[in-house]
Amino acid sequence: MGLFGKTISIRWSLLRSFVVLILLSSLTVLMLMTIRARQTEKDLSEKLINTGTLQATEEMDRFFQPVNINALIAARWGLSGKLNLAEVVAGPAGKLTASQLSAVTRINTLLLPLMRLYPEMSSLQVANARGDGFLIIRLESGRIRNRVVSREVWGTRTLWFDLDREGRPKSPEWQEVDYEPRSRAWYVGLKDLPDEEVFWTEPYLFFTTKDLGITASIKWHDQGMEYVFAVDILLSTITDFTRRDTTQLSRNSQTAVYTKDWRVVGLPRHKNFRDQESIRRALLLHIDKIQIPELHAAVKMAEHHKEIGKTLKESGKTIFSYECQGETWWAGVTSYPLGKRRHLWIGILVPNNDLLEGITQLRLHILAATLVTLLAALAYSFLLARSYSRPLEALAAQSRRISDLDFQTDEKIEAKLYEFKQLGEAQAQSLAALQSFSRYVPLEIVKELMAKGEVARIGGHRETLTVLFTDIAGFTNIAEAMSPEALTNHLAGYFQAMIDALHHHGATVDKIVGDAIVAFWGAPTPMPDQADRALKAVLECRDTLEGLNQTWRAQGLPELPTRFGLATGPVVVGNMGARTRLAYTVLGDTVNLASRLEGLNKVYGTSILADIGTQQAGGDGYAMRHLDRIIVVGKTQATDIFEVLGETGKVPAVKLAAARRYEAAWDKYRSGDFHQALEELAGFEAEFGPDAAVERLRQTCEAYRSQPPPKDWDGVSRMMTK
């Protein structure tokens with residue numbers, strides 16, 4: 001038999017076998033190539049990110065080290081008295097002396113070349129413990145200005161100059177600016193540090209330009225007076241660095257710089273940041289607020305894995321992979337120290353596709369070679385199959401003649417292969433026997449005997465099976481809202497998914513009645529684990545339907561919520577019906593119980609109910625909630641019923657906690673302690689959400705607490721509706 005039950009010739013069977021063999025061999029090669037490619041991807045990504053990390057660190061050194069060096073140089077100048085501010089602020093506010101202008105020119109002559117040599121430094125500042133301050137700042141237009149402050153002498157009045165090319169001050173201007181250098185972070189942060197140690201601030205908003213940036217500062221003492229020198233760096237300048245081509249490791253890689261709490265100080269090269277305004281808005285935002293999914297996913301991965309954070313603390317570097325929007329990314333996070341008490345993190349992201357271009361080409365070459373090999377093998381196998389098929393085709397033709405009782409043929413079949421020769425001889429012997437038999441029995445009777453096969457007969461036998469009934473909740477309303485054609489198409493997809501899941505776990509699908517399915521396990525093939533298979537099948541049906549319902553909802557189609565009832569016990573199974581019409585099905589109380597349990601889902605607000613037989617047979621592999629002890633209509637024996645929550649270990653802890661709370665309350669109810677049962681249920685909805693079974697138990701307890709049940713009450717719920 002071939003695919004879909006169709007028979008095929010040996011010629012095509014051989015061809016197919018050869019094709020499958022070639023494909024399996026090729027797929028094995030491709031699989032090995034894929035495994036090796038994955039290792040290559042890992043090695044390549046680590047090597048690339050290590051290279052990028054080293055490159056980024058060197059670039060950061062070239063960016064920040066001049067700041068540290070210039071701060072130390074300024075401290076040396078200060079120690080030699082070259083940055084003394086006494087003459088700069090001498091005299092009352094509003095009056096300028098030649099000595100003041102000379103002192104301003106002297107300091108500018110020292111600091112202005114640093115500004116021009118290192119454009120990443122936006123301003124330089126000197127301040128002392130008396131509240132005097134001297135600032136040289138580069139504005140956005142390229143204009144360079146001085147600001148002089150003297151809190152004790154001038155108060156809130158500040159003196160401003162424009163500078164010419166040689167650093168000489170001009171156009172003096174007095175402004176009211178409440179600026180106190182001693183309260184700034186770069187001054188306060190040096191309080192507990194020794195002299196000549198560089199301190200870096202957290203990113204903050206600059207007082208003068210209102211730009212975001214960070215400041216490096218250093219202090220010294222000159223003639224008993226404490227002095228501080230500070231260098232400002234704009235965060236936009238750091239972003240200019242992270243967006244350079246030199247930081248680009250591959251076509252779509254990204255480099256970014258963060259604070260230790262994941263606020264961005266250096267934005268990556270990304271389409272979201274194409275102009276200065278978009279860059280300005282994004283600076284110093286937490287990564288959660290920046291709309292770059294791959295960046296956000298990388299940080300979440302770094303925060304989620306404690307070992308990554310531990311690696312950062314111990315070695316300052318970690319590399320990991322993660323998934324984002326269906327694509328694999330590699331990330332490297334490196335700690336970059338700023339002085340002894342501050343550090344930044346450098347993050348590098350590389351998409352896996354950037355690493356695979358060469359590997360993909362190799363895969364394509366292998367695929368092309370495989371196709372060529374397959375075509376050559378097909379041609380050879382066709383010739384080989386034809387040589388094999390000729391004697392078999394002759395044997396098949398002779399067999400058809402024998403089945404038609406054409407005993408006159410006595411063709412000798414030539415075959416060179418030993419097995420074919422044996423088959424031909426055996427068929428010749430069979431033909432001879434039939435020819436002999438036909439001489440003893442009339443040919444008409446022989447035809448009748450040969451035409452008569454095994455006839456199915458009415459009858460059944462007793463077995464212990466697990467039976468399932470399903471039903472779609474609210475199907476009547478769904479059917480009324482859809483045309484017959486649309487409903488039929490909708491149900492076709494539903495039934496196919498359900499039946500596939502049931503068959504996947506060995507179910508015998510008995511029948512489909514309207515929107516309901518009846519199935520059972522354990523017959524005709526015995527199954528020692530039939531209850532386990534049934535529970536797995538029902539859970540797969542439930543999970544599959546959750547996904548389908550989401551899809552249908554998105555397509556504007558009604559959802560098909562389904563209820564399941566499972567029961568395990570003795571049934572009669574076999575061919576049932578009339579002599580001319582039979583059906584292989586099951587009968588008995590267990591079947592009726594499964595049907596009733598499916599309907600009782602509406603009473604308890606559940607979707608899967610099972611009897612105690614199924615629960616015991618399923619064992620510890622499944623988490624269930626003991627709902628009630630009931631007697632269904634048509635029966636006198638009580639049975640315990642259970643809500644199937646899921647496989648053990650896969651059910652959320654909160655759901656298990658809710659189940660155990662309910663069971664504790666039910667045990668109190670069963671013992672007649674209705675007050676304690678209500679105590680157990682107090683606050684249930686607030687903690688776990690609404691639950692129809694809980695509400696039913698609560699109402700019953702309240703009713704019995706108000707009017708106690710009779711003395712012979714046994715706690716069994718009698719379900720009198722079908």
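Values quoted throughout were computed directly from the atomic coordinates according to the rules given, and no laboratory measurement underlies them. Note that this is a predicted model, so its numbers are computed, not measured. Quick reminder, even Gly has a Cβ in these numbers, built from the backbone with ideal geometry, and neighbours come from all protein chains shown.
Given N residues in the range 214-274, what is its alpha carbon radius of gyration divided by 2.2 N^0.38 Å?
That ratio works out to 1.63.
Using label points projected 7 Å from each Cα along Cα→Cβ, tell me how many nm separate Ala664 and Gln637, to one decimal.
3.4 nm
Could you list Trp521, Trp174 so that the one with the fewest beta carbons within 10 Å of its beta carbon is first and the one with the most is last?
Trp174, Trp521
Which shape class, rounded, prolate or oblate, goes with the range 81-236 when its Cα gyration tensor gives a ≥ b ≥ c as root eigenvalues, a/c under 1.5 marks rounded, and past that a/b bigger than b/c marks prolate?
Note, shape of the range 81-236 comes out rounded.
For the range 652-715, with only Lys/Arg (+1) and Asp/Glu (-1) charged at the beta-carbon, what is the dipole magnitude about the Cα centre, in debye rounded to 20?
Rounded to the nearest 20 debye, it is 60 debye.
Based on the Cα coordinates of the range 463-647, what is the per residue volume of their convex hull in Å³?
Per residue, the Cα convex hull of the range 463-647 comes to 130 Å³.
What whole number of Å gives the distance from the Cα centroid of the range 136-158 to the Cα centroid of the range 190-231?
16 Å
What aspartates and glutamates does Lys300 reach when the alpha-carbon gap must be under 17 Å and sequence neighbours fewer than 8 apart in one chain are set aside?
Those aspartates and glutamates meeting the cut-off are Asp261, Asp288, Glu323, Glu327.
May I ask for the net charge around Gly619, where only other residues with Cβ less than 11 Å from the Cβ of Gly619 are counted and Lys, Arg are +1 while Asp, Glu are -1?
-3
How much net charge surrounds Leu681 when only other residues with a Cβ under 15 Å from its Cβ are counted (Lys, Arg +1; Asp, Glu -1)?
-3
Could you give the nm distance between label points at Asp164 and Ser483, where each point is 7 Å from its Cα heading toward the beta carbon?
Roughly 9.0 nm, to one decimal.
Quick one: which of Lys191/Lys340; Lys635/Lys655; Lys260/Lys289 span more than 23 angstrom between C-alpha atoms?
Lys635/Lys655
Treat every Asp and Glu Cβ in the range 456-588 as -1 and every Lys and Arg Cβ as +1, leave all other atoms uncharged, and give the resulting dipole magnitude about the Cα centre to the nearest 20 debye.
The dipole of the range 456-588 has a size of about 560 debye.
Classify the range 574-636: rounded, prolate or oblate, from the alpha-carbon gyration tensor (a ≥ b ≥ c, eigenvalue square roots; a/c under 1.5 rounded; otherwise prolate if a/b is larger than b/c)?
Cα axes put the range 574-636 in the prolate bin.
Can you find, among Ile641, Leu600, Gly621, the residue farthest towards the positive end of the dipole of the range 590-722? Put +1 on the C-beta of Lys and Arg, -1 on that of Asp and Glu.
Leu600
At 37 °C and 0.692 mPa s, grab the translational diffusion coefficient of the range 652-715 from Stokes-Einstein with a Kirkwood Rh over Cα pairs, rounded to a whole number in µm² per second.
Once the numbers are plugged in, D ends up at 274 µm²/s.
Under 5 Å between amide H atoms, partner at least 5 residues away or on a different chain: which partners does Glu647 have, H built in plane at 1.01 Å?
Residues meeting the criterion, in which the H sits 1.01 Å from N, are Ala623.
Short version: ³J(HN,Hα) in whole Hz for each residue of the range 45-58, in order, from phi by Karplus 6.51 cos²θ - 1.76 cosθ + 1.60 (θ = phi - 60°), x for Gly and Pro, what are they?
5, 5, 5, 5, 5, 4, 5, x, 5, 4, 5, 5, 5, 5
Roughly how far apart, in whole Å, are the Cα centres of the range 664-691 and the range 595-625?
If you average the Cα positions of each part, the centres end up 20 Å apart.
Assign unit charges at the C-beta atoms only (+1 for Lys and Arg, -1 for Asp and Glu), then state the dipole size of the range 51-173 relative to its Cα centre in Debye, rounded to the nearest 20.
440 debye
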